[in-house]
Every structure is written in C-alpha cells, then in structure tokens.
Amino acid sequence: VLTSADHWKRWKGDMEEYCEETFPGMKDIMEQARKADEDIQESWFNGTDDCWSERSDKQWSLLRRFSEGEARRVLLSVSNNNGWNAWRKLHQNFESSIVMREAQAMAQFTGMVNRRAKNRVETRAMMLELEERARRVEEVTEQPPDERHTMSIIMGILDGETLKHTIHFQGLKKSVAELKRKVME
C-alpha cells in the first residue's frame, strides 16, 4: 500500500508489474499516460486496439485500493474515477519528491569531503559514517554510489597519517573495498 513518497518507487514497480501480468501491454499504456501533457479522455485512446479506455474505472479502483494518506488524496482529486489521470497525477506528485530525496542523499554523501579527520580514531568513525551514507544513497537511488566517487570521498576524509599509508591503494586499478580494508587496518 502506498502511504508516502518513501515507498513510491517500489509501489510503482509492483503496480506496473501487476497490471502487465493482468493485461499484457498495459504497462506501455501506463507509461504513455504518465507522459501525457493533458488530462486523458476517451478520445486519447483512439489509436489503440484494446479496450484501454474502458479499463479506466478498474485502474482507478486498483490504485485506490492500494493507497492511503497523501496518495489517496491525489486519487480522490481525479474526476470521474479516471484511473489513467490518477496514474498521471500520482507520478506528478511523487516523482519530484523522489528526485529531491536522491539529490539530498547524494549531497550528504559527497559533502563528507568537506571535513578531514584529524586522527586515526576520527578516520574510523568517518568511515562508518561513509558506509551509512552510501547505504542511504543505495536505498534511495536503488544503486550503489560509483566506485570512483566513493574512492575520492574516502581520500578527502582521511587523516594525514592514514593518507600516507594508503597512497598505494588509490587509483584506477584499485577497488573501493581494497582501499577501505587498508584504511581500517
């Protein structure tokens, strides 16, 4: 059940998958509806072979059944129980907040380079924080941060002594895992 923007990506994927399994080809129509510039009326479907317009009420009922809170308010704001417009409005409402959360998570991750550890104890603490922030980026964006990006952040947070001892584990031929292991040693 979609209750907040935090669940949007997963819920959207589940909903698209279910609709495609139920009515093959529906995922494509959902994508077209998402991209529509204006409200979707029956005439919007004039070039299609299937009864997509007639499925609008069923689409709306399905979306309503699996939504609560803000998502439910978005659905109830759509006139005539138009499931295609509801899908479009859900995207308009939730996609922008997802982009902002992704940007915020990446900014917090990247922003770690703005403070360098003063000693080995601080370096260890910052490495744990780096792991937490990388995990948050992966949760929000559904992919881990780029290895080169992560490596550059690690090099920016290391204290001077650790930096000297790990200089040989930096570069194109080294992995982030190897660098992290050496930093922690």
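Checked against (1) in contact with a helix residue (DSSP H, G or I) (Cβ under 6 Å, 6 or more places away or on another chain); (2) under 30 Å from M184 (Cβ atoms); (3) of a type in the set (D, E, K, R), R64 passes all but a single condition, namely (2). Remark: L163 matches the filter, which requires a residue to be more than 24 Å from A105 (Cα to Cα), hydrophobic (A, V, I, L, M, F, W, C) and without any contact (Cβ under 8 Å) to a residue 60 or more places away in the chain. Look at region 96-116: where a residue is open to solvent by 40 Å² or more (accessible area, probe 1.4 Å) and a partner is acidic (D, E), sitting 6+ places away or on another chain with Cβ atoms under 9 Å, you get R101/D6; R116/E122; R116/D159.
Among the conditions (1) in contact with a helix residue (DSSP H, G or I) (Cβ under 6 Å, 6 or more places away or on another chain); (2) on the phi > 0 side of the Ramachandran plot, M26 misses just one, which is (2). Going by the structure shown, is V78 at pLDDT 90 or above, within 24 Å of V140 (Cβ to Cβ) and not small (G, A, S)? In short, no. For region 65-91, residues that are free of Cβ contacts under 8 Å to residues at least 24 places away in the same chain and closer than 17 Å to E17 by Cα total 1.
Applying a threshold of 9 Å to beta carbon distances and a minimum spacing of six or more residues, or different chains, the list of pairs starting in region 4-25 at a residue that is closer than 15 Å to E102 by Cα and ending at one that is aromatic (F, W, Y) and part of a helix (DSSP H, G or I) reads A5/F94; W8/F94; K9/F94.
Of the helices (runs of 4 or more DSSP H) lying entirely inside region 65-160, those carrying at least 2 residues that are within 17 Å of W8 (Cβ to Cβ) are 69-76, 83-110, 120-141. Within region 147-175, take every residue that is open to solvent by less than 90 Å² (accessible area, probe 1.4 Å) and farther than 21 Å from N119 by Cα and give me the one that is nearest to the chain's Cα centre (by Cα). If we take residues in region 147-175 being open to solvent by less than 90 Å² (accessible area, probe 1.4 Å) and farther than 21 Å from N119 by Cα, then H149 is nearest to the chain's Cα centre (by Cα).
Mind listing just one residue for me: the one in region 12-26 that is open to solvent by 20 Å² or more (accessible area, probe 1.4 Å) and within 19 Å of the chain's Cα centre (by Cα) and, of those, nearest to R73 (Cα to Cα)?
It comes out as K12.
Of the residues making up region 30-64, those that are open to solvent by less than 20 Å² (accessible area, probe 1.4 Å) and either outside any helix (DSSP H, G or I) or among the hydrophobic types (A, V, I, L, M, F, W, C) (or both) are M30, A33, A36, I40, F45, W52, L63. All conditions but one from (1) open to solvent by 50 Å² or more (accessible area, probe 1.4 Å); (2) at pLDDT below 90 apply to E138; the one that does not is (2).
The values are calculated or read from the model by the stated rules, or taken from the named source; none is laboratory data. On a predicted model such as this, the values are computed, not experimentally measured, just so you know. Counting neighbours? That spans all protein chains shown, and the Cβs are built from the backbone with ideal geometry, glycine included. The protein model used for the area step is the full one, side chains on, heavy atoms only, and it has no ligands, DNA or RNA in it. Shrake-Rupley method; radii C 1.70, N 1.55, O 1.52, S 1.80 Å.
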